[in-house]
Amino acid sequence: MKTLHRIAALAIAGSAVIAASPAMAATTTISAKTTSGLMLTGMPKTLKPGNYIFKYTNTSGLPHNLMVGSVITPTFDKGTKSIKVTLKKGTVPYLCSVPGHAAGGMKGTITVK
Ligand SMILES: [Cu+2]
């Protein structure tokens, strides 16, 4: 057990060194999901400028996708898909592009400041 803990600690230390490298900007993961119908939960209202991975999980059984700005996941009805988005200051819209879904509530905006 002690050996395992030491290996885990080294792995974390290694990640920290990579993240601190000026050549690589930090990436924050945002988890959003749809568990039923046209609900979309977990999308933040405000974020700081930077690099993000939006990890979208759909367990609703209905086809959905997640578009943030101009980046979109494939449309899928079960599982998780991720997109990488760089956000700059401003208002960034997000939605599900399946016809009728944004009108049904699957949309919003993120204020990036
Ligand atoms: Cu949808």
Original post:
Out of all the residues in region 36-54, is one or more in contact with a strand residue (DSSP E or B) (Cβ under 8 Å, 6 or more places away or on another chain), basic (Lys, Arg), more than 13 Å from HIS101 (Cβ to Cβ) and surrounded by 15 or more Cβ atoms within 10 Å (Cβ to Cβ)?
Top reply: no
Original post:
With (1) within 13 Å of the ligand (Cβ to nearest atom); (2) surrounded by 14 or more Cβ atoms within 10 Å (Cβ to Cβ); (3) touching a residue at least 24 places away in the same chain (Cβ under 8 Å) as the list, and GLY105 as the residue in question, which single condition is left unmet?
Top reply: (2)
Original post:
Of PRO99, PRO93, which residue is farther than 17 Å from GLY37 by Cα and at pLDDT 95 or above?
Top reply: PRO93
Original post:
Looking at LEU47, LEU66, which one is at pLDDT 95 or above and within 16 Å of the ligand (Cβ to nearest atom)?
Top reply: LEU66
Original post:
In region 50-77, which residues are over 17 Å from ILE30 (Cβ atoms) and touching a Pro at 6+ places or on another chain (Cβ under 8 Å)?
Top reply: THR75, PHE76, ASP77
Subject >> Of residues in region 70-99 being exposed (fewer than 13 other Cβ atoms within 10 Å of the Cβ) and touching a residue at least 24 places away in the same chain (Cβ under 8 Å), the one farthest from the chain's Cα centre (by Cα) >> reply: LYS89
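The values are calculated or read from the model by the stated rules, or taken from the named source; none is laboratory data. Small disclaimer: the values here were computed from a predicted structure and weren't measured. Cβ atoms come from the backbone with ideal geometry, glycine included; neighbour counts cover every protein chain shown.
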